[in-house]
Every structure is written in C-alpha cells, then in structure tokens.
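Chemist: My questions all concern the structure below.
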Amino acid sequence: MATLLRSALRPLRPLGGRRGPAADVPLRGVRHGAGLLYPGHIPTSPLQKALLAAGSAGMSLYNPYRHDMVAVLGETTGHRALKGLRDQMRKDPEGAEILQERPRISLSTLDLDKLRSLPEGSLGQEYLRFLDVNVVISVSWDRALRRNLHSAQELLCHKFQQAWTLCVSQGRPRGCQRHYIPCPRTPLLRVSPDTRAPTRFVDDEELAYVIQRYREVHDMLHTLLGMPTNILGEIVVKWFEAVQTGLPMCILGALFGPIRLSAQSLQVLVSELIPWAVQNGRRAPCVLNLYYERRWEQPLLALREELGITEPPTVHVRGPA
C-alpha cells in the first residue's frame, strides 16, 4: 500500500522559487515546460488533489482569512463548477469578450487617478472607496504579512502552513504532518486584488483563467452588494457566490462560516441576510460576464438595477461580527 501511494504521489516540482504570473499578464494556452499549461501551473493527480482539498478545507474552516488555503480548496474541488461558469461566459457576448481578451484586475492595472476623478456614486468611485478601506497599497506580501501579524508566532505559523501545501503537492504525505499547526482565528491581512493567490492546481488553461477572474472580481462583489470584509459580510458574499457559481468552496464557506458568529449576528444572518443574498444570487445574471473595467463610470445604483440586485437589509453589518 505504501508503495502504491508513493507511486500515485510522484514528486512534483516545488513551489519555492516559482513565481505566479504577473497580475497584468493574461493566462494563455501555451506550454511552459513539460506538462505545464500556464505560468505557475502544478500538475496534480486526483489523489493529490484530494489530499490538498482535505487539508485546505480544514485550514480554511479554522481560519477563513487564510486566502491561500481557500484558493487551494477552490482549485482542487471546483472543476465541474468552473466548466459551467466557462460555458456561461462563452454564451454571453460580454463574457466571451472577457475570455478572449483575458483582462486582469490588480493594483498595477488599475488607474487609481482615473477612478478618483469619476463622479460620486459611480462603480469606479465606490470600488476605490472599498480599496481605500481594505488595501495596503505598495507593500510587498512579506512586508504586509510582517506588518499585520500580531506576533512572530503567527508569522511562523503561516510559513509552516505554506510549507504544508508545498509538501503535499510534492507527494510526501507522511512527512507533511509536521507542517500542520493551527493559526490564529483573527483577520490578519487587509485584502486587495493583489493578495489573491495565483492559480496553480487547475489542469485546464481556460478554467484557470476563469477561477483567477472570479478571485479578482470578488472585491467587486463586496462593492455591488454593499458588504464589508468582516466575517458577517464575507459570509453574505459567500452565499451570493455559492448560488451564482456553485463552487464547492463557496458552498462550504456559506454553510460553515456562521459557526464563529455571535448569537445576535447569526440571528440577523439567518433571518434577513441569507434570504436576501440567495434571492439576489438567483435573480442576477452571471457576475463573471461583466466587463467591470469598462463600467467604471456607470452609476453603482444603475448597475445594481441592471443586475436585479436590491439594497441590502438595513441591519448592522459593519465592524466585528
């Protein structure tokens, strides 16, 4: 059995030293070495994907602010849902154009000065307001990590869990347990399009772009829905995304995220926010079919009306949940 497991989990090239594609470089269907479909691609077997999915699911449930673990979970469990999203984009003129041109949303591709000059209430202005509240601009990942973590122990914890992902992907499951240590449950990093992990474990170049696009427009959904990035706001967005995308990681986050809410927040979530998110998720067309970069000047209220998204319930969602 051990021999069979080692054979199934043949070693892969390590993550260390390999950078993901630049945020302003579209993923394209060209070969990047033996078996590699796009920059940063790590081919994995079904068994390797299962191991990565199980471990990343546990870490994501323990600390939903571990965006790297959420990313691994989405890539290793979302193949069927990603194909459905890709097909929806192909059938829509705006979505098909996005698939063809492969735009990327990042701090390097955004014209912040232009967004600041847009009229009040426009999508661009509201998105910029979201970035001003939630983004550490022009700070590298390592510097941002050290700046925002509360202690050296937390930094060590995150380094160990990054090593766990590398360990499993290289096919050494027996030796990976030493990398599994719990991280604090408090939010550690402010978010931006640049903190979204590059796609690595999706074995289809076009689907890899679809999930990358989904990650990069996630913050746009916070703007569209008027939700903050605290736990309660993230859960509401996850319910909307679960209905819209069918991605298992969204469904998992929507179902298990409320576990860490207070009783008062849970009551508000179940009675008002979840029904609102599900209703709007069903009514709105696929949000991946929106070429947001060409809609910056559109009034946010007009865009919500176009999508059939109603105002969120007038309940307290701001601040810690």
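The values are calculated or read from the model by the stated rules, or taken from the named source; none is laboratory data. A quick note: this is a predicted structure, and the numbers were derived from the prediction, not measured. In case anyone asks, the SASA skips ligands and DNA or RNA and just uses the protein heavy atoms, side chains included. Shrake-Rupley method; radii C 1.70, N 1.55, O 1.52, S 1.80 Å.
Chemist: Could you quote the convex hull projected area for segment 226-308, Cα atoms only and averaged over all directions, in nm²?
Modeler: Orientation-averaged projected area of the Cα hull: 5.7 nm².
Chemist: Here is a follow-up. Of all accessible surface on segment 188-321 at a 1.4 Å probe, what whole percent is carbon and sulfur?
Modeler: 58
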